[in-house]
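Heads up: the structure comes next, in structure tokens.
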Amino acid sequence: MSHADSPSSLIRIEVDGAAYPVPAGITVIQAMWRIGRSMIHGVGCLGGVCGACPITYRLPDQLASKTGLACQTAVREGMAITFLPSDTSKKAIALLPKEAPTQKTLFQYYPETRRCTACRACSSVCPQEIDVMGGVRAAINGELSNVAEKFTSCVMCGLCAAVCEVQIKPHRVGMYARRLTGAFYPKEAAGLLNRIEEVRAGKYESAWSQLLSADEAALSNYCGSEEAAQKLAI
Amino acid sequence: MSDLEESKKLVSESRAARMKENRALLSPQDKDALIRRFHPDYKKEAYRTIRIGPNAGEQTVHELANLLEGESPVAGEKIALTPHHQVDLLIIGGGGAGATAALMAKAAGAKVLLATKLRLGDSNTVMAEGGMQVAVSAEDSPVRHFLDTLRGGYMKNDPMLLKTLVEEGPEVAKWLMDIGVLFDREADGNLSIRGGGGSSKPRLLRCKDYTGLELMRVLKDCVLNQQVELLEFSPIVELLTDGAGACTGAILKNLDNNQHIVVQAKTVLLATGGIGRLHIQGFPTSNHYGATADGLPIAYRAGAKLTLQDTFQYHPTGAVYPEPMAGILVTEAIRSVGAQLVNVKGERFINEMETRDAVASAVIRECAEGRGVETPAGRRGVWLDMPMVDIINGEGNLAHRFPNMLRQFSRYQIDIRKEPVLVYPTLHYQNGGIQINVDGESTIRNLFVAGEASGGIHGRNRLMGNSLLDIIVYGRRAGRAAAKRATEISPGTLTLQHLDRFHEAQKKAGVEPKAVSPMLFPDYAKKN
């Protein structure tokens with residue numbers, strides 16, 4: 001076995017100051033269940049993508065606290081765990097503009113973004129290892145698609161906003177930059193637009209009327225043979 | 001060297017030969033035989049007859065039957081049915097379908113209240129990795145999409161629901177892009193598409209392997225921007241009816257103070273999602289924590305008919321190792337770009353692009369017949385040979401396309417670019433659900449349903465990428481139809497008469513409820 005995993009051995013963790021024995025090799029959420037807590041807050045998809053379960057924890061041999069997602073963090077000997085509320089940052093009512101965005105569009109809703117002191121705290125807490133500060137700097141430079149790319153894997157846990165000393169909401173900036181980039185994508189999806197036109201123009205109407213009036217045997221035949229499907233002129 | 005390491009070595013040794021191997025799809029007869037022998041849907045002892053209600057006499061799994069025949073949490077409670085909220089449309093569930101419906105209804109001018117068990121966005125939607133099927137390429141068409149889905153669903157799909165799904169696909173893709181969903185694109189601007197199991201043409205739109213997260217982030221942002229009234233941590237515990245067959249509201253429960261919340265609504269829309277956390281037949285699940293099928297027993301008690309309530313999707317490739325990842329999905333898309341399934345001896349045993357039910361059955365067969373690999377925790381699985389992705393498509397391809405997968409395994413020091421991982425089927429999706437028409441209305445007047453809680457669109461087996469499409473197409477349709485209905489009617493009286501009738505039926509059939517339903521959460525906490 002190249003990956004240590006001995007579920008039988010017990011380790012000690014600390015939750016809200018109290019110590020508990022739990023099996024090694026389980027996640028923090030699983031440890032909460034083991035110590036008898038039925039979780040309602042601080043739990044979500046259990047797959048690392050919903051951002052409901054941010055935690056901060058300290059290990060015995062380390063000075064600095066770390067952050068993570070409880071469903072994605074394995075318990076360690078002596079780990080002291082505190083659950084944080086999921087994203088409590090203030091959300092601007094940031095609608096999409098009518099015209100293509102400019103460098104200033106983001107700042108309209110998130111003006112504090114420009115105050116970034118490049119302290120890197122946001123990047124250091126991100127459970128997704130996003131280059132958060134790089135994203136904020138790119139936003140300041142008006143590089144929207146670059147911001148969008150950097151925040152692709154953002155789970156909106158809000159840890160970055162919680163540690164920002166100048167109240168930037170990097171995940172919300174990333175979100176808005178992504179929406180602006182998507183809605184004002186520089187090139188048309190020609191195939192999609194063409195297909196929408198074809199549907200509107202009734203190109204498939206005769207196929208639909210044949211299919212929807214077919215009995216199960218006839219439908220089966222259309223499904224089973226490419227030749228029969230071709231006859232529908234699709 | 002352990003058996004596991006030894007078998008892993010066989011996987012890398014057999015790789016070169018396997019890459020040249022061309023394995024045909026199974027004949028319909030062989031596929032049918034495989035599924036009947038090994039698919040969990042055919043395990044008779046896992047099923048029983050439903051004794052009361054609209055589907056009495058039909059079969060489903062014990063876990064669901066117990067909930068359908070279960071006791072209401074408000075039975076015997078004295079609850080004053082004086083509304084705390086009066087709205088046009090009450091939406092239950094804050095996943096992709098519920099959020100989409102809320103946007104449509106709000107835009108139509110309806111007074112909307114969205115109540116959800118956890119937070120807005122907590123759902124299976126956020127976890128969807130593979131993509132969304134829309135026929136956008138020139139050699140493809142909505143008709144092909146229809147035929148593929150019908151074939152995949154064993155001809156049991158409702159043809160009209162399915163036609164509407166595939167035909168509106170292109171239009172809803174455009175809508176999503178207009179509100180800022182960033183799908184992967186080709187250099188010429190066209191949507192980047194990929195193949196999926198059971199689909200004759202590539203038609204999966206995606207955002208890396210974060211497609212559901214991308215959709216949910218944007219929809220959630222829109223719902224917040226539109227200032228839809230929200231009640232989080234407030235699941236539904238019972239519907240309210242007028243005693244004459246129409247739905248008129250619901251009773252919710254605030255999980256933080258245990259108080260009931262009575263809502264009078266002209267229309268109610270259930271978008272309560274899936275069923276994975278029932279752990280049917282003891283399977284692990286890929287589903288989120290709240291996927292406990294809440295909408296089903298609630299609608300059933302009020303008299304709504306279910307359809308295809310006996311069929312479930314077991315996704316072929318749920319992780320079985322390391323132990324904390326058990327049940328977590330490894331996206332099917334990874335097979336569509338070359339990853340192969342391999343048994344303990346390093347042999348391939350199925351064409352990886354068969355439909356999910358066939359691939360899952362083949363994995364179960366390998367393990368049942370002694371060709372599986374055992375994990376230290378005693379689970380069984382087969383190898384998913386992911387390093388092949390980079391060998392076939394070039395170095396860096398896997399990391400670029402599947403950053404989520406790479407990150408999840410790397411947290412346990414497993415580099416999926418270099419080594420295979422162990423997988424086994426995981427309970428993934430409820431193929432059936434509450435019967436609906438093309439407007440998303442159930443057999444109960446003014447009760448609408450959208451998303452995984454509904455049934456009929458996918459037949460007996462859903463194709464990959466059709467559920468993200470389903471939640472958007474039917475979220476929109478149900479949201480619009482429910483909002484329109486609300487303009488045509490007045491608020492109804494609030495009663496629990498359907499419960500009285502249900503209790504009479506229980507008594508008459510001699511049914512002793514085995515559970516209180518809805519379940520709301522799985523019971524994982526250790527009792528001291």
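Overview of results
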quantity	calculated
Gain in span if fully extended, B:K527 to B:A244, counting 0.36 nm per residue against the direct Cα distance	97.5 nm
The protein assembly as shown: antiparallel DSSP beta bridges as a percent of all, rounded to 5	70 percent
Gain on full stretching of the segment that runs from B:K514 to B:T493 - 0.36 nm per residue minus C-alpha separation	4.5 nm
Straight-distance crosslink candidates among aspartates and glutamates, where the alpha carbon sits under 16 Å from A:K91 and sequence neighbours closer than 8 are dropped	A:E112, B:D221, B:E229
Difference of contour (0.36 nm per residue) and Cα-Cα distance, A:A24 to A:E227	67.2 nm
Considering only chain B, percent of DSSP beta bridges that pair antiparallel, nearest 5	65 percent
For the stretch A:105-183, alpha-carbon Rg relative to the globular expectation (2.2 N^0.38 Å, N residues)	0.94
Nearest-ten-degree value, helix B:497-509 long axis tilted from longest Cα axis of chain B	70 degrees
Gaussian network model of chain A, springs between alpha carbon atoms under 10 Å - residue of A:P21, A:P60, A:P101 with greatest fluctuation	A:P60
Cα centroid separation - the stretch B:60-101 against the stretch A:57-112, whole Å	33 Å
Alpha-carbon Debye profile of chain B, log10 I(q)/I(0) at 0.07, 0.08, 0.12 Å⁻¹	-0.37, -0.49, -1.09
Globularity ratio of the stretch B:1-156, using Cα Rg and 2.2 N^0.38 Å	1.62
Estimated dipole of the stretch A:10-83 in Debye, rounded to 20 [Cβ of Lys and Arg +1, of Asp and Glu -1, Cα centre]	80 debye
Of all DSSP beta bridges in chain A, antiparallel share, percent nearest 5	85 percent
Chain A: relative contact order in percent, alpha carbon pairs under 8 Å with at least 6 residues between	15 percent
Over the stretch A:105-183, relative contact order from alpha-carbon pairs under 8 Å, at least 6 apart, %	36 percent
Cα pair count fraction exceeding 31 Å, expressed as % - chain A	48 percent
For chain A, calculated [θ]222 nm from helices alone, where every DSSP H run of n ≥ 4 adds -39500 (n - 2.57)	-10000 deg cm²/dmol
With Cα atoms, 0 to 90° folded angle of helix B:142-152 axis to chain B main axis	80 degrees
Listed pairs A:K150/B:K201; B:K305/B:K514; B:K117/B:K484; B:K78/B:K527; A:K150/B:K117 exceeding 28 Å between Cα atoms	A:K150/B:K201; B:K78/B:K527; A:K150/B:K117
Under 13 Å from the A:R12 label point (7 Å along Cα→beta-carbon), backbone N, the stretch A:58-79	A:60, A:77-79
Neighbour net charge for B:P316 - beta-carbon separation under 12 angstrom, K R +1, D E -1	-2
Viscosity 1.002 mPa s, 20 °C: Kirkwood-radius Stokes-Einstein D of the protein assembly as shown over Cα pairs, µm²/s	81 µm²/s
Residue with peak Gaussian network fluctuation, chain A [Cα springs, cutoff 10 Å], from A:G224, A:G44, A:G202	A:G224
Convex hull of Cα atoms in the stretch A:190-231, direction-averaged projection (nm²)	3.4 nm²
Projected label distance in nm at A:A201 and B:K20, using a 7 Å step from Cα toward the beta-carbon	4.9 nm
Neighbourhood charge, 15 Å Cβ-Cβ cut-off, centred on A:E226 and excluding it, Lys, Arg +1 and Asp, Glu -1	0
Sequence-separation-based contact order of the stretch A:57-161, relative, with Cα cut under 8 Å and 6+ spacing, percent	26 percent
Label-to-label distance, nm, for residues given as B:R48 and B:E13 (7 Å Cα→Cβ offset)	5.0 nm
Mean shadow area of the stretch B:300-449 over all directions, Cα convex hull, nm²	11.5 nm²
CD proxy at 222 nm, helix term only [per DSSP H run n ≥ 4: -39500 (n - 2.57); per residue of chain B; nearest 500]	-10000 deg cm²/dmol
Distribution of pairwise C-alpha distances over the stretch A:10-83, 5 Å bins, in %	3, 18, 30, 28, 15, 5, 0
Phi-based couplings in Hz for the stretch B:188-203 (Karplus 6.51, -1.76, 1.60; Gly and Pro marked x)	7, x, 5, 5, 6, 10, 9, x, x, x, x, 9, 6, 9, x, 8
FRET efficiency, B:H279 to A:E188 (Cβ-Cβ, R0 35 Å, nearest 0.05)	0.15
Mean-position separation - Cα centroids, the stretch B:147-186 and the stretch B:422-441, in angstrom	15 Å
Ratio of the Cα radius of gyration of the stretch A:66-140 to 2.2 N^0.38 Å, where N counts its residues	1.45
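Rule-based calculations on the coordinates, nothing more; no lab input. Predicted model only: the values in this text are computed from it and were never measured. We place every Cβ from the backbone using ideal geometry, glycine too, and count neighbours over all the protein chains shown.
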